[in-house]
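Below: the structure, in structure tokens.
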Amino acid sequence: MKISTEGVKSFIPNQEIERLLSEQQNAPASRIRDIIAKSLDKQRLNPDETAALINVKDPDLRQMIMDGAHELKERIYGNRIVLFAPLYVGNECINDCVYCGFRISNSECHRSTLSHDELVAETRALVETGHKRLIMVYGEHPMYDARFIADTVQTVYDTKYKKGEIRRVNINAAPMDIEGYRIVKSVGIGTYQIFQETYHQPSYEKLHPRGPKSSFLWRLDGLDRAMKAGIDDLGIGALMGLYDWRFEVMGLLYHTIHLEDTFGVGPHTISFPRIEPANGTDFTEHPPFGVSDEDFKLLVASIRLSVPYTGMILTAREPIAIRNEVLRFGVSQIDAGSSIGVGDYSHKDDESRKKSQFVLGDTRSLDEVIYELAIGGYIPSFCTSCYRAGRTGEHFMEFAIPGFVKRFCTPNALLTFAEYLYDFSSEKTLKAGLELIDRELSKVEDPQMLTAVQEKLQQMKTGTRDLFF
Ligand code: SAM
Ligand code: SF4
């Protein structure tokens, strides 16, 4: 693969962002209210509006923004939370990202790449706990080229085990050239995710001193190339703590606007991980722009309001209390029961930390997370139906098509949740889950829809699997 940035220009207007961040201070309550109303009216915000939100310091106004994000989530998306797990395939890496436990200069990292049999074992271990959706994660190394990634994804799809299988694989890997993306697309991936890490180019260049990732523009253009290869299901993200988080939120918004303007479709998901401690990686002990919990809540709520149509991913990097709190502000997907050491699902040992990219904040099992979601009134969902029925851009459809959530998303969430309960859950979770399903059914207004869901749930109870609308 040849890295070329010929003709590529940055669409991140540094000076304009700095100007907006300094101008849009102390917005009065009336303006914040208007901005929230615009978002509730399903319109993406403009940069000056997002800047006004993320600059709010007054606790009452911050609360208003968080309440607005909560209302938007409830009104448009309801109470489903999609669950997935990360699957680390290999931690060889030729880059030197200063914050990452896998960086080439980290001599404390134990390197490995899953063999075919180990990958099958990892997949089986995940299937056995009930997972249906994965994100496969790779370091950047010539070994992990497009063919390798495609082959490993295919291995996962081909692995059927006991009562389950993985039905959707998303990817988090280095940016590719257009030909590479075509190869990966051909095996039926879901979302291709690339985090820009920081949208602030001077900081980016300092923090990525070596390897292909040192080119800010190659990475920034990475999702454009994916689009050109026909992958329109894309995830953007920024690693919070490398530079001022407000600048990063603006960067995410400008990236969104760029994709909308250039390809007519924005990102499918936005991720906003905070830096976590990593083995042998002093930088992570004191990130230069660490984000406090209070700011993190405003950050999540502001992203929700700024791009109301996109999915939002919150990972197990965050501790349980924060996860529970920000779920309310519009998060749509979380991982659960996650291990981030290469080979850890099937073979956990004391060396796990040295094989891992960083340390997780939430180490609950999938069943524990599901139990807590259920008693908290959220419907855990493993739905993959839009992707498999060829309805791409599902998050956008949920957002844009009136009644879509009631017709497809909620019923499919309930069906996949029931499937989990019958096949994989503990007694405690089964009880809490069935009660939740009953409560949700009592809310279905359309009698035909209610009958259709009840019929499918009955079929599920008697052993039919993989039912969806
Ligand atoms: N190697 C590929 C790349 O860098 O794009 C893909 C996977 S990388 C393993 C996944 C993401 O983990 C990175 O994009 C980065 O944002 C995040 N990450 C790296 N170190 C981290 C840390 N210490 N804490 C939290 N997230 C981290
Ligand atoms: Fe390698 Fe990705 Fe880690 Fe950077 S973030 S060192 S590219 S695995």
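The values are calculated or read from the model by the stated rules, or taken from the named source; none is laboratory data. Not measured: the values here are computed from a predicted model. Because the Cβ atoms are built from the backbone with ideal geometry, glycine has one as well, and the counts that use them run over all protein chains shown.
Within the range 91-124, restricting attention to residues that are more than 11 Å from ligand 2 (Cβ to nearest atom) and among the hydroxyl-bearing types (Ser, Thr, Tyr), the residue that is nearest to Ala174 (Cα to Cα) is Thr113. Within the range 342-368, being crowded, with 22+ Cβ neighbours inside 10 Å and out of contact with any Asp or Glu (no Cβ under 8 Å at 6 or more places or on another chain) holds for Val342, Gln357, Leu366.
Restricting the search to the range 153-183, which residues are within 23 Å of the chain's Cα centre (by Cα) and over 23 Å from Ile94 (Cα atoms)? Across the range 153-183, the qualifying residues are Gln154, Thr155, Val156, Tyr157, Gly164, Glu165, Ile166, Arg167, Arg168, Val169, Arg182.
Would you check if there is a residue in the range 144-154 being farther than 30 Å from Arg465 by Cβ, assigned to a loop (DSSP other than H, G, I, E, B), out of contact with any strand residue (DSSP E or B) (no Cβ under 7 Å at 6 or more places or on another chain) and within 16 Å of ligand 2 (Cβ to nearest atom)?
Pass one, the range 144-154, residues farther than 30 Å from Arg465 by Cβ: 144-148.
Now narrow it down to the ones that are assigned to a loop (DSSP other than H, G, I, E, B): 144-145.
When the remaining residues are screened for being out of contact with any strand residue (DSSP E or B) (no Cβ under 7 Å at 6 or more places or on another chain), the result is 145.
Now restrict to residues that are within 16 Å of ligand 2 (Cβ to nearest atom): 145.
Yes - at least one qualifying residue is present in the range 144-154.
Can you tell me how many residues in the range 123-141 are within 16 Å of ligand 1 (Cβ to nearest atom) and under 22 Å from the mean Cα position of the chain (by Cα)? Number of matching residues: 7. Within the range 226-242, residues that are within 10 Å of Gly190 (Cα to Cα) and not assigned by TED's automatic domain parsing to the domain that holds Thr315 reach no partner that is part of a loop (DSSP other than H, G, I, E, B) and within 15 Å of ligand 1 (Cβ to nearest atom) with beta carbons closer than 9 Å at six or more positions or on different chains. For Ala321, the criteria (1) farther than 26 Å from Leu21 by Cβ; (2) touching a residue at least 60 places away in the same chain (Cβ under 8 Å); (3) not hydroxyl-bearing (Ser, Thr, Tyr); (4) not in a loop (DSSP other than H, G, I, E, B) hold in every case but one, which is (2).
Summed over the range 168-189, residues that are surrounded by fewer than 21 Cβ atoms within 10 Å (Cβ to Cβ) and more than 16 Å from ligand 2 (Cβ to nearest atom) total 9. When Tyr192 is tested against (1) hydroxyl-bearing (Ser, Thr, Tyr); (2) within 17 Å of Phe11 (Cα to Cα); (3) crowded, with 23+ Cβ neighbours inside 10 Å, just one condition goes unmet, and that condition is (2).
Restricting attention to the range 34-92, which residues are within 30 Å of His110 (Cα to Cα) and within 22 Å of the chain's Cα centre (by Cα)? Working first, answer last.
Looking only at the range 34-92, we keep the residues that are within 30 Å of His110 (Cα to Cα), and these are 83-92.
Within the range 34-92, Leu83, Phe84, Ala85, Pro86, Leu87, Tyr88, Val89, Gly90, Asn91 meet the criteria.
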